[in-house]
Ligand SMILES: Cc1cc2nc3c(=O)[nH]c(=O)nc-3n(C[C@H](O)[C@H](O)[C@H](O)COP(=O)(O)OP(=O)(O)OC[C@H]3O[C@@H](n4cnc5c(N)ncnc54)[C@H](O)[C@@H]3O)c2cc1C
């Protein structure tokens, strides 16, 4: 807390100018201050302001991550506790305690800028002996580049808890470096090159399943600060996005223009990890994978060189980044061509079935016949007492309610409809339902156990074998993602994401790694390839599953050229030579 800094806003301002009040809080957030204290009399000395608690809840909806401190009258402690719990849950653990914090009362953006500049210029306090005692072996803490010293986080630091884990994984890195510019990323990579004996994680928004954007005792380069979303050209719908932005943030900005970029199904996922791997989502059948909307990318290579790649320059690198980017550099900016997307139909159906094999067969048939404006994902777990719950969720890229109903009706035959919600809404609203990551960061623990595969066709044999797999009780998450449509319009050799023609991407999550591997391997004859973003099996065959021979050979060539010393090795590293 000692090195955190925040502002106090007078609640009288919330009464007289609510939007101005929210704008000041957002400005403090954009300048990386840590919290806003909502105070009744900090400036005006009276209690003419609004209720702090209600105002804090309102402000939470108008900011993304800044901590909020408000006193709550606790006449009925149980009510106060419930209110705190509710706030924590809905606002992403952003409620903080006021007591003991330094507070700077402000009324203008200029005052916030002065405070933020002063904080930035302040020499970092030397770490205490207790903090230094938590340092990990093998990290040259005294050699941290000067440009990064003020944003480096060590295990003994205040901010460490918020940075150690990711969404799916627990971790205890020895050092998290948080560069803010490509030049600082080059400095971080120079430091990483001196620490080859340690794991190296690259993190954008920390939703990696396959990648290791945290580790035990190693380095993490966290580029979350590069999170801008900027419209470059209205006419061509060209948009520049930083890797640290989430798809929720991107969708919110593009919504104002009636645009969207085909992304994944969860708005909390980061641009950096998804846009270097593929991006199979709710608009993909109509508008392609995320990488299909990419027009240029900027990266810092393993040796620190900044490069730009597109169809006009460094074409080979541009080809490789679209599917295997994590192996080639750290992406610092993406330029996409957004699609025009107006209102969409958004459906969430829950169905019951005593016969999951039959439900799978039916889904396969209906999905295969759906037009490309319709994308529906199938989600289930192991049957319980002979019954399976199937969740179908999907999008119809049409603002016409009749079209939406017509497209979705066949899916209701997959099982017995128990619940349904079908609405006309905005893509941004669907992405916006993802939780924000609060100041306490991600809370993943342990290691995820995921398997992935591409399914060329959902045959009766597959339905039978998948149903048998689900009945083993090994699987608690089994998902079929609808592919085809615009994904298949792109030639396999056009990008490093070569598996263009499968009908579905399939993923399963379990608790027992060996058990899941053995069960999944038994399904191999149905599969052709896999999507690395949903895979955690580290056996070398997986790389060959992800990339067909010609793609892998070309990627090895790129690896030899752009990362010959295998600095990027945390996310299915491509070896320089074919080991077989
Ligand atoms: C809840 C959830 C929903 C998901 N839904 C979808 C979906 O609908 N469709 C889909 O395709 N995928 C989906 N995914 C998978 C997701 O796309 C990948 O896990 C992706 O890597 C996450 O990106 P991130 O930046 O948040 O992850 P991070 O954990 O920050 O990074 C993951 C890995 O990506 C690489 N990486 C990260 N940043 C960069 C960078 N700037 N430059 C180069 N490499 C980088 C690194 O190897 C890193 O280990 C989902 C994952 C989760 C957890």
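So, in region 18-28, of the ones that are free of Cβ contacts under 8 Å to residues at least 60 places away in the same chain and out of contact with any strand residue (DSSP E or B) (no Cβ under 8 Å at 6 or more places or on another chain), which residue ends up farthest from residue 224 (Cα to Cα)? Step through it out loud before you land on a result.
So the first thing to find is which residues in region 18-28 are free of Cβ contacts under 8 Å to residues at least 60 places away in the same chain, and the list is 18-22, 25-26.
Now restrict to residues that are out of contact with any strand residue (DSSP E or B) (no Cβ under 8 Å at 6 or more places or on another chain): 18-20, 22, 26.
Details: 18: 30, 19: 27, 20: 27, 22: 24, 26: 18 Å.
Looking at the filtered set, the residue picked out is 18.
For region 249-258, the set of residues classified as surrounded by fewer than 23 Cβ atoms within 10 Å (Cβ to Cβ) and not in a loop (DSSP other than H, G, I, E, B) consists of 252, 253, 255, listed by residue number. The number of residues in region 542-568 being touching a strand residue (DSSP E or B) at 6+ places or on another chain (Cβ under 9 Å), under 20 Å from residue 452 (Cα atoms) and not in a helix (DSSP H, G or I) comes to 0. Can you confirm whether residue 236 is in contact (Cβ under 8 Å) with a residue 40 or more places away in the chain, within 11 Å of the ligand (Cβ to nearest atom) and part of a loop (DSSP other than H, G, I, E, B)? So residue 236 fails the test. Restricting to region 440-454, what's the tally of residues that are in contact with a helix residue (DSSP H, G or I) (Cβ under 6 Å, 6 or more places away or on another chain) and either closer than 30 Å to residue 488 by Cβ or buried (at least 18 other Cβ atoms within 10 Å of the Cβ) (or both)? Total satisfying the criteria: 5.
From the list 403, 389, exactly one residue is touching a residue at least 40 places away in the same chain (Cβ under 8 Å) and crowded, with 16+ Cβ neighbours inside 10 Å. Which is it?
Values: 389 fails: touching a residue at least 40 places away in the same chain (Cβ under 8 Å).
None of the other options fit; the residue is 403.
Quick check, is residue 60 more than 11 Å from residue 94 (Cβ to Cβ), touching a strand residue (DSSP E or B) at 6+ places or on another chain (Cβ under 7 Å) and modelled with pLDDT of 85 or more? Taking the combined requirement at face value, the residue does not satisfy it. Residues in region 202-223 that are farther than 16 Å from residue 448 by Cα and more than 6 Å from the ligand (Cβ to nearest atom): 6 in all. Could you please find all residues in region 406-420 being within 14 Å of residue 346 (Cβ to Cβ) and free of Cβ contacts under 8 Å to residues at least 40 places away in the same chain? Matches in region 406-420: none. Restricted to helices (runs of 4 or more DSSP H) entirely inside region 267-356, those with at least 1 residues that are in contact with a strand residue (DSSP E or B) (Cβ under 8 Å, 6 or more places away or on another chain) and over 20 Å from residue 532 (Cβ atoms) are 284-287, 315-324.
Here's the yes/no breakdown for (1) more than 16 Å from the ligand (Cβ to nearest atom); (2) exposed (fewer than 15 other Cβ atoms within 10 Å of the Cβ); (3) farther than 30 Å from residue 303 by Cα:
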{"position": "126", "(1), (2), (3)": "yes, yes, yes"}
{"position": "142", "(1), (2), (3)": "yes, yes, no"}
{"position": "148", "(1), (2), (3)": "yes, no, no"}
{"position": "153", "(1), (2), (3)": "no, no, no"}
{"position": "157", "(1), (2), (3)": "yes, no, no"}
{"position": "170", "(1), (2), (3)": "no, no, no"}
{"position": "183", "(1), (2), (3)": "no, yes, no"}
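Filtered by the rule that a residue be farther than 19 Å from residue 230 by Cβ and touching a helix residue (DSSP H, G or I) at 6+ places or on another chain (Cβ under 6 Å), region 290-308 gives 291, 300, 301, 304.
Is it the case that residue 499 is surrounded by 21 or more Cβ atoms within 10 Å (Cβ to Cβ), modelled with pLDDT under 95, more than 19 Å from residue 393 (Cβ to Cβ) and within 15 Å of the ligand (Cβ to nearest atom)? Explain how you work it out, then say what you get.
Values: surrounded by 21 or more Cβ atoms within 10 Å (Cβ to Cβ): yes; modelled with pLDDT under 95: no; more than 19 Å from residue 393 (Cβ to Cβ): yes; within 15 Å of the ligand (Cβ to nearest atom): yes.
No.
Taking strands (runs of 3 or more DSSP E) as the structural unit, those lying wholly within region 368-487 and holding at least 3 residues that are outside the structural domain of residue 88 (by TED's automatic domain parsing), within 15 Å of the ligand (Cβ to nearest atom) and at pLDDT 95 or above correspond to 374-380, 388-396, 450-455, 475-482. Which one is nearest to residue 141 (Cα to Cα), of the residues in region 185-200 that are crowded, with 18+ Cβ neighbours inside 10 Å and touching a helix residue (DSSP H, G or I) at 6+ places or on another chain (Cβ under 8 Å)? By that ranking, first place goes to 191. Kindly establish whether residue 249 is more than 8 Å from the ligand (Cβ to nearest atom) and at pLDDT below 95. Against the criterion (more than 8 Å from the ligand (Cβ to nearest atom) and at pLDDT below 95), residue 249 does not qualify. Restricting attention to region 522-553, the residues that are surrounded by 14 or more Cβ atoms within 10 Å (Cβ to Cβ) and over 28 Å from the mean Cα position of the chain (by Cα) add up to 2.
For region 260-304, the tally of residues that are within 13 Å of the chain's Cα centre (by Cα) and either away from the ligand (no atom under 12 Å from the Cβ) or more than 24 Å from residue 340 (Cβ to Cβ) (or both) stands at 6.
Take residue 208 and decide whether it is within 29 Å of residue 535 (Cα to Cα), under 11 Å from the mean Cα position of the chain (by Cα), in a loop (DSSP other than H, G, I, E, B) and free of Cβ contacts under 8 Å to residues at least 60 places away in the same chain.
Values: within 29 Å of residue 535 (Cα to Cα): yes; under 11 Å from the mean Cα position of the chain (by Cα): yes; in a loop (DSSP other than H, G, I, E, B): yes; free of Cβ contacts under 8 Å to residues at least 60 places away in the same chain: no.
Spelling it out, it is not the case that residue 208 is within 29 Å of residue 535 (Cα to Cα), under 11 Å from the mean Cα position of the chain (by Cα), in a loop (DSSP other than H, G, I, E, B) and free of Cβ contacts under 8 Å to residues at least 60 places away in the same chain.
Every test in (1) more than 14 Å from the ligand (Cβ to nearest atom); (2) surrounded by 22 or more Cβ atoms within 10 Å (Cβ to Cβ); (3) over 30 Å from residue 425 (Cα atoms) is passed by residue 355 save one, and that test is (2).
The values are calculated or read from the model by the stated rules, or taken from the named source; none is laboratory data. The structure presented is a predicted model; accordingly, all values stated were derived computationally and were not measured. Every residue, glycine among them, receives a Cβ derived from its backbone with ideal geometry; neighbour counts consider all protein chains shown.
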